[in-house]
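Q: What follows is a single structure, and I will ask about it in a moment.
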Amino acid sequence: MDFTLTEEQEMVRQAARDFAQTELLPGVIERDEKQEFPADAIRKMGELGFMGMMVDPKYGGSGLDTLSYVLVMEELSKVDASASVVVSVNNSLVCWGLETYGTEAQKEKYLTRLATGEIIGAFCLSEPEAGSDATSQKTTALDKGDHYVLNGTKNWITNGGSADVYLVIAQTYPEKGHKGINALIVEKGMKGFEIGPKEQKMGIRGSDTHSLNFNDVIVPKENRIGEDGFGFKFAMKTLAGGRIGIAAQALGIAAGAYELAKSYSRQRKAFGTEIANHQAIAFKLADMHTQIEAARMLVYKSALDKDSGGDYDLSGAMAKLYASEVAMNTTVEAVQVHGGNGYVKEYHVERLMRDAKITQIYEGTSEIQRIVISRSILKD
Ligand code: CAA
């Protein structure tokens, strides 16, 4: 598999790297501390074309490939995973879902503004009792002829307070199980739609996570995505691509922590020499580098699988599973390399360690990725 980047991909990567250094790095510690949403940065990323990277330019997108998107996710995540998760959800789950399965009218009305970052989107699948077991949706969307009546609660919704457009998965025909589920486009401000309090999180604290309540919300039929009953497949298809974005986020967190650890180990002296000269530290760097390269291959491969029109359920799940484990291991080791300094905020690695953990949980836990992988390899 050829991972040589084109000139355009190199330019996109450099643009993301520059943006992360000049716009995300200043203030990242404070935003984490105050749980402050990076609204300014998101607006600027919209102007740069990062919010609808793979969307056709006729709908306001950048028309780039998945590998370019992954490169951007990796660079942003080296510095600020709270900002990069907003980019990931908007690109992979919301824009991709609407462009692939939405009607022309839905694309005109929503996608054009989502792809430019004028507005942002949220993807609402998880519920208090249906996180991993996504078929057990309790939120209902009752069919009332020309509209649905939506009732229920969604949990842990990324962009929950800041989004304008919400793709909500809900049960219409409980007797049909996963075949009775629909995906509806809900707008902020619709009567009966309430945003719950912001979650107090361990990591990705700058991102905006809420529960959402729907009390008799009237959603027009034209806001349903796909055929009647397509909602669960919509969610699964969309999440399969989303996992590539989160895998790239995990890769970026790992690479960011590694770069910090490497540079620190060349400056910090102990026992008369830079700590990089001690094997105890050098071997840690060797392991980090090796694991990150292996994760990168898996992540890029999943992006190329998607771009070539092949199946990416398996490669995306493997990339997410492995890259998120590498993110966790690498960030823990990066804190160790920093010693006491690793435990304080100004050195950044403690934040990356807290941020890494979520990549093993959202868009399917590591256990869910293992279900997807084992089913795929055992099916024939
Ligand atoms: N593509 C297309 N169809 C798929 C699919 C895929 N990737 N995966 C499953 N399906 C289909 C199956 O073919 C099946 O359809 P048929 O009956 O017609 O064959 C149907 O969906 C049900 O599939 P399963 O029987 O496999 O369902 P299951 O209950 O055994 O569980 C699961 C499948 C993989 C465990 C799934 O429930 C799952 O992915 N759970 C995790 C959900 C998740 O990722 N949640 C994260 C929330 S979003 C988020 O975190 C966003 C954020 O804020 C950052």
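Derivation of every value follows stated rules applied to the coordinates shown; laboratory data play no part. Values in this document were obtained by computation on a predicted structure and should not be read as measured data. No Cβ is skipped: glycine too gets one built from the backbone with ideal geometry, and neighbour counts run over all protein chains shown.
Q: Are there any GluC sites (Glu not before Pro) in region 199-239 that are in a DSSP loop and have at most 11 other Cβ atoms within 10 Å? List them by number.
A: Glu227
Q: For region 27-92, report the translational diffusion coefficient in µm²/s to the nearest whole number, using Stokes-Einstein at 20 °C, 1.002 mPa s, and a Kirkwood Rh over Cα pairs.
A: Rounded, D is 176 µm²/s.
Q: Let me have the relative contact order for the chain, percent, based on Cα pairs under 8 Å that are six or more residues apart.
A: It rounds to 16 percent for the chain.
Q: Another question, if that's okay. Note down the nm distance, to one decimal, between modelled labels 7 Å out along Cα→Cβ at Asp18 and at Asp133.
A: Between Asp18 and Asp133, the label points sit 5.1 nm apart.
Q: What's the ranking of 132-141, 311-320 by average number of surrounding C-beta atoms within 10 Å, highest first?
A: Ranked by mean Cβ neighbours within 10 Å, highest first: 311-320, 132-141.
Q: Compute the convex hull volume of the Cα atoms of region 155-226, divide it by the residue count, and report the result per residue in Å³ as a whole number.
A: 110 Å³
Q: Pairs of Cα atoms under 8 Å, at least six residues apart: use those to get the relative contact order of region 226-380, whole percent.
A: Value for region 226-380: 31 percent.
Q: So which of Lys188/Lys237; Lys221/Lys301; Lys179/Lys221; Lys144/Lys320; Lys201/Lys320 end up more than 29 Å apart, counting from Cα to Cα?
A: Correct reply: Lys221/Lys301; Lys144/Lys320.
Q: Another question about this same structure. Please give the contour-minus-distance gain from Tyr343 to Ala280: 0.36 nm per residue of separation, less the Cα-Cα distance, rounded to one decimal in nm.
A: 20.8 nm
Q: Now, a different point. Find the Cα radius of gyration of region 151-190, compare it with 2.2 N^0.38 Å by division, and give the number to two decimals.
A: 1.30
Q: Would you mind getting me the FRET efficiency between His289 and Glu227? Use the beta-carbon distance for r and R0 = 51 Å, nearest 0.05.
A: Efficiency, rounded to the nearest 0.05: 0.60.
Q: Given a Förster distance of 35 angstrom, what is the FRET efficiency for His178 paired with Glu108, based on the Cβ-Cβ distance and rounded to 0.05?
A: So, using R0 = 35 Å, E works out to roughly 0.70.
Q: Hey, another quick one. Once Rh is set to the Kirkwood radius over Cα pairs, what Stokes-Einstein translational diffusion coefficient, in µm²/s, holds for the chain at a temperature of 10 °C and a viscosity of 1.306 mPa s?
A: Rounded to a whole number, D works out at 76 µm²/s.
Q: In square nanometres, what is one fourth of the surface area of the convex hull spanned by the alpha carbons of region 1-130?
A: Computing the convex hull of the Cα atoms and averaging its projections yields 9.7 nm².
Q: Right, here's the next one. Length gain on complete extension for the stretch Asp146 to Asp2, per 0.36 nm per residue less the alpha carbon to alpha carbon distance?
A: Gain on stretching Asp146 to Asp2: 46.8 nm.
Q: Using just the alpha carbons, could you tell me how many Å³ per residue the convex hull of region 53-123 encloses?
A: 72 Å³
Q: With a cut-off of 8 Å between alpha carbons and a minimum separation of six or more residues, what is the relative contact order of region 1-101 in percent?
A: Result for region 1-101 is 32 percent.
Q: May I ask for the distance between the Cα centers of region 96-127 and region 278-297, given as a whole number of Å?
A: Distance between centres, Cα-based: 39 Å.
Q: Would you mind giving the average projected area, over all directions, of the Cα convex hull of region 206-314 in nm² with one decimal?
A: Across all orientations, region 206-314 yields a mean hull projection of 11.3 nm².
Q: How would you rank 2-9, 147-154, highest first, on the average number of other Cβ atoms within 10 Å across their residues?
A: Per-residue mean Cβ counts within 10 Å order the peptides as 147-154, 2-9.
Q: Out of all DSSP beta bridges with both ends in the chain, state the antiparallel percent to the nearest 5.
A: 85 percent
Q: Here is a further query. Compute the length gained on full extension between Met236 and Val332: take 0.36 nm times their separation in residues and subtract their Cα-Cα distance, giving the result in nm to one decimal.
A: Gain on extension, Met236 to Val332, equals 31.4 nm.
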